[in-house]
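One structure is given below, encoded as structure tokens.
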Amino acid sequence: MTTTAPGPVTPRPAAGRLWRASRLPIAVITVLVVAAVLLSLGEEQFPSGYLEPGSPEPHGSRALAQLLDEDSDVSVARTSDAAVRAVERSGDDTVLLLMLDHRLLPEELDALAELEADTFLVQPSLRSLTTFAPGADVTGRAHGDANLAPDCALPDATLAGDAGVTGELYSAESGVEALGCYPSEGGFSVLQVARPDGSTTTVLGTGAPLTNRDIDSAGNAALMLNLVDAEHVVWLRPDPPQEVGAPSLWELVPAGLRWSLVPLALALLLFALWRGRRMGALVPEALPVVVRAAETTEGRAGLYQSRQARDRAVAALRGGFLERSVPRLGLHAEAGPDAVVAAVAERSGADPQSVGPLLYPAGPDPYTADDSAMLRLAEELDRLSEALR
């Protein structure tokens, strides 16, 4: 029988060993990365605030901003300087959409008005109304949620139809070229004023049609798209002004009061040094007399004897007996006389008729007549205590 010797063993490639050793960590890391990416997709942070163009909240204006962005180049500005630069870059067919103008200074409003661009004001302040629409004024306010009819010759409003624009009402002085729409008692919710430089200023008395909550009500969306119809829209929503250079609390303190704190601090320091000085180690001292534990009891007994207060002494004897005996009998500390007498008689074997007067005398207490009677009570209570053990 012929036996064939085994051939040499071929070693495994190093790449295979490396892959088998690293595939589990690679799989774990891949799963963690995918999970982190999926979790981060739901954590997108949106800006928040009233008429904020990026906010999806009910009082935000993200829906209107996206609608305008479909046909117009929308630029969002947070400061008046940024809005001026955006309008200057945009060209002629530009609308400046301005809201929350109370956050702007008068000189900032003047700089925006000098741009000679069509402007759309949302519930403007009186200062802004005077700057952008001279001759226009607030003349009333419409209340309620009812939609108003355009009832005017402005095509942008008539095409949109009824809209929820109840809010502040405006009117223009005589001699001012203006067109009002959505009338109510006291004025118009939408007022368009022609300016001497050829541009127009459109005033809206409420920001509700711009919000995500109300833009799809009645003709709100159509009205906004018609009034802000331009190739470029500069959406100016100013950020709240930041306080700069506010004085600190120390600066608000008068100089005289600050200097008066110096001697007060020195006095406190000297007082601390005086009261905090070391007096040396503590020295143990023996008591001058030895006080016996029974001294208080003997002293009280002496007072009772000097005042012939047998009633109090007898009450103390009975109280001590009950305090020691009632817990042994399994009774509550608030147990009544009948229960205590029955338990003492049963445990000691004594007659209940004799135990009752001993612990709870009904009439005049016979044990307060003289010292011998009081001593007899003490002896009988001692016998009962011995029987209860």
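Taking all protein chains together and a 1.4 Å probe, the residues T296, T119 rank T296, T119 from largest to smallest accessible area. Only residues of the range 312-355 count here: report those whose backbone N is under 16 Å from the spot 7 Å along Cα→Cβ of Y304, or say none. Counting backbone N atoms under 16 Å from the label point, the list is 312-324. Solvent-accessible surface of the chain, averaged per residue with a 1.4 angstrom probe and all protein chains in place: 64 square angstrom.
Label sites at L18 and A149, each approximated as a point 7 angstrom past Cα along Cα to Cβ, lie 8.3 nm apart.
Once the mean of 1/r is taken over each pair of separate Cα atoms and inverted, the chain shows a Kirkwood hydrodynamic radius of 32.4 Å.
Computed from the Cβ-Cβ distance with R0 of 30 Å, the FRET efficiency linking A194 to Y50 stands at 0.50. Every helix of 4 or more DSSP H residues in the chain counts as -39500 (n - 2.57), and over all residues that averages to -13500 deg cm²/dmol at 222 nm. Once you divide the Cα radius of gyration of the range 201-320 by 2.2 N^0.38 Å, the number left is 3.21.
Relative contact order, percent, of the chain when contacts are C-alpha pairs under 8 Å separated by at least 6 residues? Averaging sequence separation for qualifying contacts and normalising by length gives 14 percent for the chain. Shown for the range 116-229: the carbon plus sulfur share of the solvent-accessible area, taken with all protein chains present and a 1.4 angstrom probe, equals 46%. Phi angles across the range 221-229 convert, under the Karplus curve 6.51 cos²θ - 1.76 cosθ + 1.60 with θ = phi - 60°, into 3J(HN,Hα) values of 4, 5, 5, 5, 5, 6, 6, 10, 8 Hz, Gly and Pro given as x.
For the range 160-175, putting each phi into the Karplus relation 6.51 cos²θ - 1.76 cosθ + 1.60 with θ = phi - 60° gives couplings of 6, x, 4, 8, x, 10, 5, x, 6, 10, 10, 9, 10, 5, 5, x Hz, in residue order, rounded to whole numbers and with x for Gly and Pro. Heavy-atom accessible area, probed at 1.4 angstrom with all protein chains present, ranks R17, R127, R89, R237 as R89, R17, R127, R237, highest first.
For the chain, the longest principal axis of the alpha carbon atoms and the long axis of helix 371-388 meet at an angle near 70°.
The ellipsoid that matches the Cα gyration tensor of the range 275-389 has semi-axes, each √(5λ) in whole angstrom, of 41, 20, 13, with the longest given first. Potential lengthening of the chain between R78 and V28 amounts to 13.5 nm, from the contour at 0.36 nm per residue minus the alpha-carbon distance. Here the Karplus relation 6.51 cos²θ - 1.76 cosθ + 1.60, evaluated at θ = phi - 60°, turns the backbone of the range 338-344 into coupling constants of 4, 5, 5, 4, 5, 5, 5 Hz, with x for every Gly and Pro.
The values are calculated or read from the model by the stated rules, or taken from the named source; none is laboratory data. On a predicted model such as this, the values are computed, not experimentally measured, just so you know. Because the Cβ atoms are built from the backbone with ideal geometry, glycine has one as well, and the counts that use them run over all protein chains shown. Side chains are part of the model used for accessible areas, which takes the heavy atoms of the whole protein and leaves out ligands, DNA and RNA. Shrake-Rupley method; radii C 1.70, N 1.55, O 1.52, S 1.80 Å.
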